[in-house]
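To start, the structure itself, in structure tokens.
The values are calculated or read from the model by the stated rules, or taken from the named source; none is laboratory data. Here the structure is a predicted model, which means the values were calculated and not measured. Here the Cβ positions follow ideal geometry from the backbone for every residue, glycine too, while neighbour counts run over all protein chains shown.
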Amino acid sequence: MREADGLIVGAPNYFGDLCAEFKLFYERLLFQYLTYRKECISYNERPVPVLLISTSNAPVGMYSDLMESYRTRFETFIGPTTVLEVGATMQVKDYGKYDWTMFDGPSKVERRERIFPQELKKAYELGASVFRRWIAFRERNHAVCLNGVPLG
Ligand SMILES: Cc1cc2nc3c(=O)[nH]c(=O)nc-3n(C[C@H](O)[C@H](O)[C@H](O)COP(=O)(O)O)c2cc1C
């Protein structure tokens, strides 16, 4: 991570939060930078951009507050962070096999075929644009500020 140009991380939503595997990575990644100092909360002298992608069964918007809290924390400890929420995913291939009365199987399949490819494209483009803007920013600004402290 200390040599990376950026971070793209994706995680499914499990029981109202991002999955355990993601949290394991996230907690240890951010914690190494935590100073516990009021004056400057982060030790990270080399911020890099982050693209955080989440998927959920629920429609987009259901977990926006959660994603905003991850966004601000990544931004504090890692660097400028963009979030992409992908909702209403197709959880199983054949909804006809299950008695899942909460879901409309055919509309899930239709969405997967029509919308999902667009979302994949959006994720790809967002990844590229986040890093393009960051490279341009780094070239314009020799010094970067993190938590109001200019870095050389
Ligand atoms: C253990 C578990 C818990 C889940 N909980 C939620 C949930 O609380 N909200 C939701 O929208 N989707 C929930 N889902 C659906 C997943 O978010 C969805 O299937 C997913 O984004 C794709 O992840 P997968 O590839 O692990 O299936 C859950 C799925 C699993 C397996």
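Just a few scattered comments:
- Matching option when the condition is part of a loop (DSSP other than H, G, I, E, B) and under 30 Å from A136 (Cβ atoms), among V48, V92, V9: V48
- Applying a threshold of 7 Å to beta carbon distances and a minimum spacing of six or more residues, or different chains, the list of pairs starting in the range 79-105 at a residue that is touching a residue at least 60 places away in the same chain (Cβ under 8 Å) and within 30 Å of R2 (Cβ to Cβ) and ending at one that is more than 10 Å from the ligand (Cβ to nearest atom) and not polar (S, T, N, Q) reads G79/P47; G79/V48; G79/P49; G79/V50.
- The listed residue being modelled with pLDDT of 95 or more and assigned to a loop (DSSP other than H, G, I, E, B), out of M1, M102, M62: M62
- Test result for Y70, surrounded by 12 or more Cβ atoms within 10 Å (Cβ to Cβ), closer than 19 Å to L18 by Cα, of a type outside the set (G, A, S) and in contact with an Asp or Glu (Cβ under 9 Å, 6 or more places away or on another chain): no
- Enumeration of residues in the range 12-35 that are outside any loop (DSSP other than H, G, I, E, B) and over 15 Å from T76 (Cα atoms): P12, N13, Y14, D17, L18, A20, E21, F22, K23, L24, F25
- Residue pairs meeting the criteria (Cβ under 7 Å; at least 6 apart or on separate chains; first modelled with pLDDT of 95 or more, in the range 16-27; second near the ligand (Cβ under 9 Å from one of its atoms)): L18/A11; L18/S54; C19/A11; C19/P12; F22/A11
- Enumeration of residues in the range 61-102 that are under 16 Å from E113 (Cβ atoms) and not small (G, A, S): V86, T89, M90, Q91, V92, K93, D94, Y95
- Qualifying residue in the range 70-77 (condition: in a helix (DSSP H, G or I), away from the ligand (no atom under 16 Å from the Cβ), without any contact (Cβ under 8 Å) to a residue 24 or more places away in the chain and closer than 25 Å to F131 by Cβ): yes
- Out of Y43, Y36, sole residue that is more than 16 Å from the ligand (Cβ to nearest atom), more than 25 Å from I135 (Cβ to Cβ) and loosely packed, with under 14 Cβ neighbours inside 10 Å: Y36
- Selection from the range 46-60 of residues that are more than 11 Å from the ligand (Cβ to nearest atom) and not aliphatic (A, V, I, L, M): R46, P47, P49
- Tabulated pairs, the range 39-55, first free of Cβ contacts under 8 Å to residues at least 40 places away in the same chain, second more than 16 Å from the ligand (Cβ to nearest atom) and of a type outside the set (A, V, I, L, M), C-beta under 7 angstrom, 6+ apart or interchain: Y43/Y33; Y43/T35
- Picking from residues in the range 80-127 that are touching a helix residue (DSSP H, G or I) at 6+ places or on another chain (Cβ under 7 Å) and among the β-branched types (V, I, T), the one that is nearest to the ligand (Cβ to nearest atom) is V86.
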